[in-house]
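Okay, structure first, notes after.
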Amino acid sequence: MGFDIERFVDLNKDDHKCLICAICTDVVQNAVYTECEHMFCGDCLREWIAKSEFCRCPICNEVIDAEHLNPIPRIARNLLNDLRIKCDFEKKGCDAIVKLEDLMQHVKQCKFRNHLTMRGEWKALHLKRMKFNSSQIKML
């Protein structure tokens, strides 16, 4: 699976069609390049090949050799790396927007990484850690 396109800031899907995986329709992640010069998420294409009887490109139907998947060209890698993306923990309160190439480093250090934000998550966590009888659960 790729990066959800909604997480990107100022990304025009029409202008960046070449960066969209035709399998998952997200922005490519761990991208690979086929001999027929199409780009996909590495995981998406490997799964596609594993499930395919004849290993054909999902775009042009050319035969794909799983042994000949290549790293994407530098220009495509540079375009991807310069895209601005919202933090993985945006829903937990992080408002950081970083370049895609800096995302992994930000996520490792994000102060919202271990935050529980919804009351339901808090309850579920405590229910897992403690054994309650049915009357105590109703009180929650």
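The values are calculated or read from the model by the stated rules, or taken from the named source; none is laboratory data. Please read these numbers as outputs of a predicted model, since none were measured by experiment. Positions of Cβ are generated from backbone atoms using ideal geometry, with glycine treated the same way; all protein chains shown enter the neighbour counts.
When both residues are 6+ apart or on different chains and their Cβ atoms are under 6 Å apart, which pairs have a first residue that lies in region 46-58 and is in contact (Cβ under 8 Å) with a residue 24 or more places away in the chain, and a second that is of a type in the set (A, V, I, L, M, F, W, C)? From region 46-58, the pairs are W48/I23; P58/A22; P58/I23.
Among the candidates K99, K92, K86, the residue that is modelled with pLDDT under 95 and either loosely packed, with under 13 Cβ neighbours inside 10 Å or among the basic types (K, R) (or both) is uniquely K92. Here C55, C60, C36 are screened, and the one residue that is over 15 Å from the mean Cα position of the chain (by Cα) and either among the charged types (D, E, K, R) or over 19 Å from K17 (Cα atoms) (or both) is C55. Give the residues of region 67-82 that are aliphatic (A, V, I, L, M) and surrounded by fewer than 13 Cβ atoms within 10 Å (Cβ to Cβ), sorted by residue number. Result: I75, single match.
Each residue in region 66-117 was checked for being polar (S, T, N, Q), more than 24 Å from H16 (Cα to Cα) and in contact with a helix residue (DSSP H, G or I) (Cβ under 7 Å, 6 or more places away or on another chain), and 1 of them qualify. Taken across region 116-132, residues that are modelled with pLDDT of 50 or more, out of contact with any strand residue (DSSP E or B) (no Cβ under 6 Å at 6 or more places or on another chain) and under 30 Å from K51 (Cα atoms) do not occur at all. Checked against (1) over 22 Å from the mean Cα position of the chain (by Cα); (2) touching a residue at least 12 places away in the same chain (Cβ under 8 Å), I72 meets all criteria but (1).
Please return the ranges of strands (runs of 3 or more DSSP E) entirely within region 6-90 where 1 or more residues are of a type in the set (V, I, T). Spell out how you get there, then give the answer.
On the way: elements: 31-33, 39-41, 84-86.
Hits in region 6-90: 31-33, 84-86.
Residue-level check: of (1) within 16 Å of R7 (Cβ to Cβ); (2) within 16 Å of the chain's Cα centre (by Cα); (3) not hydrophobic (A, V, I, L, M, F, W, C), G42 misses just (1). Of all residues in region 91-120, how many are of a type outside the set (A, V, I, L, M, F, W, C), in a loop (DSSP other than H, G, I, E, B) and without any contact (Cβ under 8 Å) to a residue 24 or more places away in the chain? Residues flagged as of a type outside the set (A, V, I, L, M, F, W, C), in a loop (DSSP other than H, G, I, E, B) and without any contact (Cβ under 8 Å) to a residue 24 or more places away in the chain within region 91-120 amount to 3. Residues in region 1-58 that are charged (D, E, K, R), exposed (fewer than 13 other Cβ atoms within 10 Å of the Cβ) and over 23 Å from I85 (Cα atoms): E37, K51, E53.
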